[in-house]
Amino acid sequence: MTENSNSAKQSALWAPWRMEYIRRDKTDEDGCMFCRKAESSADRANYVIFRGEMGFALLNIYPYNNGHIMVAPYRHVGDLLDLNPEETTEMMNIVRLCLRALRETMAPQGFNVGFNLGQSAGAGIVDHIHLHIVPRWNGDTNFMPVLAGTDVIPQSLGEVYKLLRRSCARADTGAGSVPPTPEGQ
């Protein structure tokens, strides 16, 4: 237990299983992961759930929680201050669309939404800005990651992809467009 400046007791949650991800070699011989996925038409294989005019949303394949989404601009930009006003606005519209889709399909009780700007702030990919949306439920942490080094994600990425892609398509109010996904793709 540690104490903060208000003398209230605060617990620390240790997450040593994340060190493997933090320390892994992040050099990518094929270039930027976000640029590669933005340029690809294989949305299902890349878990791209929504495409706008200037940005897109995709599932995180290393999720903190079920339904963890990332939103990124198509343009390769590493600093929030380098986004133009239109990119910034569309990213926020895509976030709103994703929040609606997550509420409709998964009914989370809350969300963590934000940027990790810089390596020291936790950005795994520093040179292409992206925002995280992590749905949260009361009691969604458990003993499995701590004792067994295993995150418990109750749905497959494929299932979550289908639900969220359909919901984003229905919820789209001008943030961009999503073509219908043929079954089996």
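Tally up the residues in the range 46-88 that are under 16 Å from the mean Cα position of the chain (by Cα), loosely packed, with under 14 Cβ neighbours inside 10 Å and modelled with pLDDT of 95 or more, please.
0
Given the condition over 16 Å from the mean Cα position of the chain (by Cα), basic (Lys, Arg), at pLDDT 85 or above and under 21 Å from residue 127 (Cβ atoms), answer yes or no: does some residue in the range 9-24 qualify?
Scanning the range 9-24 turns up no residue that is over 16 Å from the mean Cα position of the chain (by Cα), basic (Lys, Arg), at pLDDT 85 or above and under 21 Å from residue 127 (Cβ atoms).
Could you list all residues from the range 79-116 that are assigned to a helix (DSSP H, G or I), out of contact with any strand residue (DSSP E or B) (no Cβ under 6 Å at 6 or more places or on another chain) and not aliphatic (A, V, I, L, M)?
82, 85, 86, 88, 89, 93, 96, 100, 103, 104, 105
The values are calculated or read from the model by the stated rules, or taken from the named source; none is laboratory data. Nothing here was measured: the structure is a model prediction, and the numbers come from that model. Note that we place each Cβ from the backbone using ideal geometry, even for glycine, and neighbour counts take in every protein chain shown.
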